[in-house]
Amino acid sequence: MFKSMVTNLMVEDVKETIDFYEDVLGFTLITSVPNKKDGFQFAIMSKDEFNLMVQERTNFIEEYPSLGIEKVQPSVSLYIQVDNLEELYLELKSKHKLLLDMHTTFYGLKEFAIVDNSGYVLTFTEFIAN
């Protein structure tokens, strides 16, 4: 039986990604694995009930050779449901560029989007019962 799913994003620079998620979104670093240089090859971060893993591109490809690419080119977006959309919108709008401003979708939800330091689209939404 499935229990949960945690996204593992391929990134060029794990430390830079940790900084983005901590500074912009308030995540906490749970654990990290150093690389052969002076950075990290892997990290797990958390905020509330949301967990996120990030892995350095070269290390990711060593583990999964079929994912071999020359440069990280995001091909997924993260759709994140929150409880405080308006508050989060005002906070992020004041400190980070929005990709999509707050809008109501054709399916009736309000949402907005930003892009993280690696180019991944983060769309935030809140379910509000009628």
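The values are calculated or read from the model by the stated rules, or taken from the named source; none is laboratory data. Just so you know, these numbers come straight off a predicted model, no measurement behind them. In this analysis, Cβ positions are derived from the backbone assuming ideal geometry, glycine residues included, and neighbour counts consider all displayed protein chains.
Has the stretch 25-33 got any residue that is part of a helix (DSSP H, G or I), under 11 Å from the mean Cα position of the chain (by Cα) and of a type outside the set (D, E)? Within the stretch 25-33 (the criterion being part of a helix (DSSP H, G or I), under 11 Å from the mean Cα position of the chain (by Cα) and of a type outside the set (D, E)), the answer is yes, since at least one residue qualifies. Put simply, of I114, I128 the only residue that is outside the structural domain of V6 (by TED's automatic domain parsing), over 17 Å from the mean Cα position of the chain (by Cα) and of a type in the set (V, I, T) is I128.
Applying the set (1) in contact with a strand residue (DSSP E or B) (Cβ under 9 Å, 6 or more places away or on another chain); (2) farther than 18 Å from M53 by Cα; (3) not hydroxyl-bearing (S, T, Y) to F106 leaves exactly one unmet item: (1).
Conditions tested, residue by residue: (1) in contact with a Ser or Thr (Cβ under 6 Å, 6 or more places away or on another chain); (2) modelled with pLDDT of 95 or more; (3) within 21 Å of F50 (Cα to Cα); (4) assigned to a helix (DSSP H, G or I).
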| site | (1), (2), (3), (4) |
| --- | --- |
| I69 | no, no, no, no |
| S75 | no, no, yes, no |
| E91 | no, yes, yes, yes |
| L122 | no, yes, yes, no |
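The single condition among (1) over 18 Å from the mean Cα position of the chain (by Cα); (2) on the phi > 0 side of the Ramachandran plot that G119 does not meet is (1). A search for C-beta distances below 6 Å between a residue of the stretch 40-65 that is at negative phi and in a strand (DSSP E or B) and any residue that is surrounded by 15 or more Cβ atoms within 10 Å (Cβ to Cβ) and among the acidic types (D, E), counting only pairs 6+ apart in sequence or on different chains, returns Q41/E56. From S94, S32, which residue is hydroxyl-bearing (S, T, Y), more than 16 Å from Y120 (Cβ to Cβ) and not assigned by TED's automatic domain parsing to the domain that holds F124? Of the residues listed, the single one that is hydroxyl-bearing (S, T, Y), more than 16 Å from Y120 (Cβ to Cβ) and not assigned by TED's automatic domain parsing to the domain that holds F124 is S32. Number of residues in the stretch 41-67 that are closer than 27 Å to V82 by Cβ and either modelled with pLDDT of 95 or more or touching a strand residue (DSSP E or B) at 6+ places or on another chain (Cβ under 8 Å) (or both): the value is 12.
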